[in-house]
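Read through the structure below, which is laid out as structure tokens, and then see the notes.
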Amino acid sequence: MIGIKDIAKKAGVSVSTVSNVLNGKKNVGEETRKRILSLCMEMDYHPNMAGKSLKTGDNRTILFNFSDFDHSYFLKIINGINDYVSNNGYDLLICTNNSCEKYMRSNLTRGCIIFDGRIKTALLEKTARENYPIVVLDRIVDHPYIKSVIINNYDPMKLMMEGLVQRGYTKFGFIGGPEQSENNKERYSAFLDVLNEHNISFHRKNYFSGDWREKSGITAAKIFMLSDYMPEILVCANDNMAIGAMKTFRKNDLRVPEDIALTGFNNSNLAEVMGLTTVDIPDYERGYIAAQSIIENINGHINTETFRITAQVKFRKSILEKKS
């Protein structure tokens, strides 16, 4: 790979002279400047912009860190983020898992958007500062330079549960996500509150703790089929787990919704195809709002008030219109 030293050697000048030319400084003669630029083109040399950012701290890059590629809604969120940042003259750097920590520095990125429960809040609190704001999509953090953009999970889940009770359902099962997840806590809380308000009993043994993935929905469905309790309806904390359960029930000749009904949460593309009753989260919009928030905070218009996004229930054919 061609480096700045190669250009300097070929041009017969010092490395600092080449650096001055590439940085647009006026202390180099016109003839020398043209020769250096011509050699850069001829030798296919491209300045290391990341290295330049390390020295100057001058960059317009937003970091987005998310947990994995197993959820289709991440692409919608990324599209929303990318549209806003690119329209405002910023670049987008995307990473997963703990690799984000090495990029969470103001000389590499100007701020970051986090959607990964594995990233510890303590790390975010330590990193966030006036010249490096953070936006989180999966939790509420009380910090002067961290803004939370989160889904209002409770209200739409409660509305969906009210609809299920009105349709005559009384025997419920629940597949939850990771128990430490704020999203799961809010969805399960709404689930329990509606049952309690209608004096419908629910035993913890009919709760299955999953991990948001389709495989855990498959496992939960198998366990329910092996148990002495088969719910009339299985409420799932996200679409992936509901779809895994639905496929498993059908594979074992159980009809949905006649033998068992199902609901999810997220409104993924596959949920619509499979007729899954769910909660529609505006993922593109929350990505767009997160990007808008981070850039406003970068520009000094600090606002860390929690932003809650409204979601809507989509009743579909995975539940009966009215139980007999």
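The values are calculated or read from the model by the stated rules, or taken from the named source; none is laboratory data. This structure is a prediction, so every number in the text was calculated from the model and none was measured. No Cβ is skipped: glycine too gets one built from the backbone with ideal geometry, and neighbour counts run over all protein chains shown.
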Looking at residue 123 and the list (1) in a helix (DSSP H, G or I); (2) touching a helix residue (DSSP H, G or I) at 6+ places or on another chain (Cβ under 8 Å); (3) more than 17 Å from residue 64 (Cα to Cα); (4) not charged (D, E, K, R), which single condition is not satisfied?
(3)
Give the residue that is farthest from residue 91 (Cα to Cα), with candidates limited to residues of the stretch 28-51 that are at pLDDT 80 or above and of a type in the set (S, T, N, Q).
32
Could you list all residues from the stretch 12-22 that are assigned to a helix (DSSP H, G or I) and either farther than 10 Å from residue 37 by Cα or among the hydroxyl-bearing types (Ser, Thr, Tyr) (or both)?
15, 16, 17, 19, 20
Which residues, counting only those in the stretch 112-160, are in contact with a Phe, Trp or Tyr (Cβ under 6 Å, 6 or more places away or on another chain) and not acidic (Asp, Glu)?
113, 115, 128, 129, 133, 137, 149
Please state which of the following conditions residue 170 fails to meet, knowing it meets all the rest: (1) at pLDDT 95 or above; (2) within 29 Å of the chain's Cα centre (by Cα); (3) of a type in the set (S, T, N, Q).
(2)
Taking the stretch 293-324 as the search range and keeping residues that are of a type in the set (Ser, Thr, Tyr) and crowded, with 18+ Cβ neighbours inside 10 Å, which one is nearest to the chain's Cα centre (by Cα)?
293
Restricting to the stretch 293-308, and then to whatever is of a type in the set (A, V, I, L, M, F, W, C) and not in a helix (DSSP H, G or I), can you tell me which residue is modelled with the lowest pLDDT?
302
By residue number, the members of the stretch 239-292 that are within 15 Å of the chain's Cα centre (by Cα), surrounded by fewer than 24 Cβ atoms within 10 Å (Cβ to Cβ), in a helix (DSSP H, G or I) and not acidic (Asp, Glu) are 284, 286, 288, 289
Any idea which of 114, 2 is part of a loop (DSSP other than H, G, I, E, B) and either surrounded by 13 or more Cβ atoms within 10 Å (Cβ to Cβ) or at pLDDT 80 or above (or both)?
2
Per-region count, the stretch 264-288, residues hydroxyl-bearing (Ser, Thr, Tyr) and more than 22 Å from residue 161 (Cβ to Cβ)
2
On the given criteria, is residue 67 touching a Ser or Thr at 6+ places or on another chain (Cβ under 9 Å), crowded, with 17+ Cβ neighbours inside 10 Å and modelled with pLDDT of 75 or more?
yes
Evaluate the following for residue 149: is it in contact with a His (Cβ under 8 Å, 6 or more places away or on another chain) and modelled with pLDDT of 95 or more?
no
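Matching residues to (1) closer than 20 Å to residue 78 by Cα; (2) assigned by TED's automatic domain parsing to the domain that holds residue 79; (3) in contact with a Phe, Trp or Tyr (Cβ under 9 Å, 6 or more places away or on another chain):
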| site | (1), (2), (3) |
| --- | --- |
| 260 | no, no, yes |
| 273 | no, no, no |
| 277 | no, no, yes |
| 288 | yes, yes, yes |
| 296 | yes, yes, no |
| 301 | no, yes, no |
| 304 | no, yes, yes |
| 316 | no, no, no |
| 323 | no, no, yes |
With the structure loaded, tell me whether residue 245 is in contact (Cβ under 8 Å) with a residue 24 or more places away in the chain, more than 19 Å from residue 153 (Cα to Cα) and among the hydrophobic types (A, V, I, L, M, F, W, C) or whether it fails that test.
yes
Of everything in the stretch 121-146, what is within 20 Å of residue 185 (Cα to Cα) and under 19 Å from the mean Cα position of the chain (by Cα)? Give them in sequence order.
121, 136, 137, 138, 139, 140, 141
Subset tally (residues that are surrounded by 15 or more Cβ atoms within 10 Å (Cβ to Cβ) and not aliphatic (A, V, I, L, M)) for the stretch 179-207:
12
One residue is enough: does the stretch 220-230 have a residue meeting the conditions hydroxyl-bearing (Ser, Thr, Tyr), free of Cβ contacts under 8 Å to residues at least 60 places away in the same chain and part of a loop (DSSP other than H, G, I, E, B)?
yes
Could you tell me whether residue 21 is more than 30 Å from residue 283 (Cα to Cα), among the β-branched types (Val, Ile, Thr) and at pLDDT below 80?
yes
